[in-house]
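Worksheet for the structure shown next.
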Amino acid sequence: MAATAESVLKPDFQTSRKHFIFTDEHEQLRESIRNFAIKELAPHAEEWEETTFPDSVFHRMGELGFLGLDKPEKYGGQGGDYYTSLVLAEEITNANSGGLGMAVAVQTDMAMPPILAFGTEEQKQQWAAPAIAGTKILCLGITEPDAGSDVAGIKTRAVRDGDDYVINGSKTYITNGHRADVIVLVTKTDPDAGYDGFTLFLVPMDAPGVIREKKLVKLGMHASDTALLAFQDVRVPASAVLGQVGKGFYHIMWELQGERLIGAAGNVAGAQKCFEKTLQYAGERKAFGREIGKFQVIRHKFAEMATKIESARQMVYVTAWRFNNGEYPVREISMAKLHAARVGCEVADECIQIHGGAGYMREYGVERSWRDMRLARIGAGTDEIMLDVIGRSYGL
Amino acid sequence: MSPPTPPFTEEHEELRASARGFIERELTPHAQQWEQEEWFPNEVFPKLAAQGLLGLKYPTEYGGQGGDYLHEAVLIEEMARIGSGGTAAGIGAHVNIATPPIWKFGSEDQKQRYLVPAIAGERIGALGITEPGAGSDVASLSTRAEPTEGGWVVNGEKTYITNGVRCDFIVTAVKTTAEGGHHGISFLIIDRGEGVVSSKLHKLGWHASDTATVSFQDVFVSEENLLGGLHEGFALIMANFQWERLAMALGATGAMQIAWERTADFARERQAFGRPLSSHQAIRHKLVDLATSAYTARCVTYDALRRFVAGEEPLREVTMAKLMTQRAAFELMDACLQIHGGAGYMREYWVERAARDARLGPIGGGSDEIMREILGRVLAL
């Protein structure tokens, strides 16, 4: 619409925020997930910080179709586009529980995509379909005590033995590790083959030799369960191989792209929520005779935060658009992940500062957002790894 | 060995070595447990007292060591080695915040009744200024002391009070005129007793300290417990702010040093991509920046300290030191956490706690924004 003398008289701050990637259907989905999160999840958020959230959340979300939004109808999914998954990542933040959002993302956007992309029909039926229905819970095992960012440095070994493989090793920081029914496990099958020596397995968590060693206590994300796992002579049939033998590294590098983009979307939405909550506080809290939001320094803090959030959001949306078009935009995804994670942490930190002493107290919830958000710069590839990926993408 | 950095002398370094030994032997091993329990035991106070550490700057006639602020500065820096910001805060609230006003403004009788047992670790003190409706804006306090026969009746609520649950007495700012404000605030020493109710608060960090909301319901305070002049409480608040802020800067300096050393050790040991983290250029440069930041913080803090002990009333330098060091300390802890990667996010390592504890710095003792307001005035802006 061209500007007219009439329309430029006043800026329109209320203009629809709907981005071009979204349709009305996405907006309806957004509303229904938001309502669900606010009504059925958020009221329990405080309690779940102490206890971790119950498995029934998965069952309920499966029932509502939220665990297979962009998954094929053949396996019980909704057959939607990639943006539907983005909408879930954004709206689940209304549950007010970073740990819950992360656990759901592990199910829908980290462990499940490799099964659907590389799995056999049988594997998809056995694991993906019930995961979409919410009756089975998935986890993903990449990190080890001695191999975090350095994925190629993992030591968990799978050795061929007749028709079987025998797996030994350990995995750590595994989200859903205590509740999961199956793990998508990254192993080394050929120590001499470099990047071509990795293989993925689907290992049932009740297989003999799978040991859930301990529940890890974390800075934030308290509603999620995080495990240290050991694999001692775990025997699985060759049919448990996911994808191609020797191609596990490439499979998992592909998986990480979707994980990072969805994570970035969640971080932007989390930052937005924190911003809004703080905006409300700044409009109510008075100091030196006026609302603190009316002080120039505080006003500018909000302006900075809003600008950062908007820049991260646009990066995520445009990158998602490329991803949805079938591109494999690793550089842009890495940029979006890096930027959204930093913005999320900066915003949460500024929100604490604006709250002052109250920001440091648990009852206001801002410190929780801050603790939860801090994982964004570490999980799914640290800032430093993102910088390395981006830098290398220029041939450096 | 290079000589001690001024204003410290060999004598201070001896104190440093002995305080450090005591802290690492008696306190540090329990830090993790105290953090988990969200409480450090009260026995810590008499233990510190037995070493003379609760009265370093106080006159010997009250049981102190007859030292000065520099001795105290040594203790504050070394307390970072406890590895529990909450424990250091509880001790600090007693030594640096609650008792100095009694020492400076108290009557002989008040010193005998409160300062002497406080130095002996027998009575624990807290300072009560902040209220739910008045944080940075001290002039808008609303806790009211109504005159009555032989004293006052106090009603109101204080919050974010360190030692608020365990304390035996609270040096409390109250309104003694209906208007309150700069000319209507006084200080009362309020004993724990009927009508004084504490409720513990849960925080981002400082878990071992018992930060509390303390409410006063018709609490009678006798006139002998008026601390300083009537309606002159604002001066008392201002008088200790400089030392409190300098103490925070010193605490940050100590904490940054230890965090850096530990993280550098971690980076030298941890292998990624076939070599130590520290041999990756980005990490090496990051650690170099952090070392520079820690050194800068120390220099700025020591300069303010030198001026302070020389009697200069260095409002500008102390305020700048507080502002600079608190943000720098948190940023250093945050970077150390990042260098630790996934391990940094786990509670079993020290670093996430250090980051949570350090995050209070830019808020407590006057927020960064208040520091900038003060500096704006000092710099005639």
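The values are calculated or read from the model by the stated rules, or taken from the named source; none is laboratory data. The structure displayed is predicted, hence computed values, not measured ones. All Cβ positions, even for glycine, are placed from backbone atoms using ideal geometry, and neighbour counts span all protein chains on display.
One line per residue, one yes/no per condition, for (1) surrounded by fewer than 23 Cβ atoms within 10 Å (Cβ to Cβ); (2) in contact with a His (Cβ under 7 Å, 6 or more places away or on another chain); (3) not assigned by TED's automatic domain parsing to the domain that holds A:D161:
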site: A:F201; (1), (2), (3): no, no, no
site: A:V217; (1), (2), (3): yes, no, no
site: A:A223; (1), (2), (3): no, no, no
site: A:F231; (1), (2), (3): no, no, no
site: A:A238; (1), (2), (3): yes, no, no
site: A:Q257; (1), (2), (3): yes, no, yes
site: A:L261; (1), (2), (3): no, no, yes
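Against the numbered list (1) in the same structural domain as B:I23 (by TED's automatic domain parsing); (2) of a type in the set (A, V, I, L, M, F, W, C); (3) farther than 22 Å from B:M371 by Cβ, B:A88 comes up short only at (3).
Scan the stretch B:139-172 for residues that are in a strand (DSSP E or B) and either of a type in the set (A, V, I, L, M, F, W, C) or within 11 Å of chain A (Cβ to nearest Cβ) (or both) and report the count.
Narrowing the stretch B:139-172 to residues in a strand (DSSP E or B): B:144-148, B:151-161, B:169-172.
Subsequent filtering for residues that are either of a type in the set (A, V, I, L, M, F, W, C) or within 11 Å of chain A (Cβ to nearest Cβ) (or both) retains B:145, B:152-154, B:159-161, B:169-171.
Residues that pass the stated criteria total 10.
Counting only helices (runs of 4 or more DSSP H) that fall entirely inside the stretch B:300-381 and contain at least 2 residues that are free of Cβ contacts under 8 Å to residues at least 12 places away in the same chain, the qualifying elements are B:368-378. Pairing each residue of the stretch A:230-244 that is touching a residue at least 40 places away in the same chain (Cβ under 8 Å) with any residue that is loosely packed, with under 13 Cβ neighbours inside 10 Å and of a type in the set (D, E), provided the two are 6+ apart or on different chains, yields C-beta distances under 8 Å for A:R235/A:D161; A:P237/A:D163; A:A238/A:D163; A:S239/A:E122. Give the number of residues within the stretch A:146-171 that are in contact (Cβ under 8 Å) with a residue 60 or more places away in the chain, within 11 Å of chain B (Cβ to nearest Cβ) and of a type outside the set (G, A, S). Summing the residues that are in contact (Cβ under 8 Å) with a residue 60 or more places away in the chain, within 11 Å of chain B (Cβ to nearest Cβ) and of a type outside the set (G, A, S) in the stretch A:146-171 gives 1.
For B:E369, the stated conditions do not hold, so it cannot be described as under 25 Å from the mean Cα position of the chain (by Cα), closer than 17 Å to B:A267 by Cα, of a type in the set (D, E, K, R) and at the interface with another protein chain (Cβ under 7 Å from one of its Cβ atoms). In the stretch A:43-55, is there at least one residue being aromatic (F, W, Y) and assigned by TED's automatic domain parsing to the domain that holds A:L100? Yes, that holds for at least one residue. Condition check for B:S136 on (1) away from chain A (no Cβ under 14 Å); (2) in contact with a helix residue (DSSP H, G or I) (Cβ under 6 Å, 6 or more places away or on another chain); (3) not in a strand (DSSP E or B): one failure, at (1). Yes or no: the stretch A:329-351 includes at least one residue that is in a helix (DSSP H, G or I), out of contact with any Gly (no Cβ under 6 Å at 6 or more places or on another chain), within 9 Å of chain B (Cβ to nearest Cβ) and in contact (Cβ under 8 Å) with a residue 40 or more places away in the chain. Looking for residues that are in a helix (DSSP H, G or I), out of contact with any Gly (no Cβ under 6 Å at 6 or more places or on another chain), within 9 Å of chain B (Cβ to nearest Cβ) and in contact (Cβ under 8 Å) with a residue 40 or more places away in the chain, one finds none in the stretch A:329-351, hence no. Within the stretch A:352-396, the set of residues being without any contact (Cβ under 8 Å) to a residue 40 or more places away in the chain, part of a loop (DSSP other than H, G, I, E, B) and more than 15 Å from A:G148 (Cβ to Cβ) comprises A:Y394, A:G395, A:L396. Residues of the stretch A:360-369 that are crowded, with 22+ Cβ neighbours inside 10 Å and more than 7 Å from chain B (Cβ to nearest Cβ): A:V366, A:R368, A:S369. Of the listed requirements (1) free of Cβ contacts under 8 Å to residues at least 24 places away in the same chain; (2) within 25 Å of the chain's Cα centre (by Cα), A:Q257 misses just one: (1).
Has the stretch A:27-41 got at least one residue that is among the hydrophobic types (A, V, I, L, M, F, W, C), surrounded by 12 or more Cβ atoms within 10 Å (Cβ to Cβ) and more than 28 Å from A:M315 (Cα to Cα)?
Pass one, the stretch A:27-41, residues among the hydrophobic types (A, V, I, L, M, F, W, C): A:29, A:33, A:36-38, A:41.
So of that shortlist, the ones also surrounded by 12 or more Cβ atoms within 10 Å (Cβ to Cβ) come out as A:29, A:33, A:36-38, A:41.
Then keep just the ones that are more than 28 Å from A:M315 (Cα to Cα); that gives A:41.
Scanning the stretch A:27-41 turns up at least one residue that is among the hydrophobic types (A, V, I, L, M, F, W, C), surrounded by 12 or more Cβ atoms within 10 Å (Cβ to Cβ) and more than 28 Å from A:M315 (Cα to Cα).
Of the residues making up the stretch B:345-355, those that are at the interface with another protein chain (Cβ under 7 Å from one of its Cβ atoms) and surrounded by 24 or more Cβ atoms within 10 Å (Cβ to Cβ) are B:Y345, B:E352.
Can we say B:A88 is touching a Gly at 6+ places or on another chain (Cβ under 7 Å), buried (at least 24 other Cβ atoms within 10 Å of the Cβ) and farther than 19 Å from B:H207 by Cα?
In short, no.
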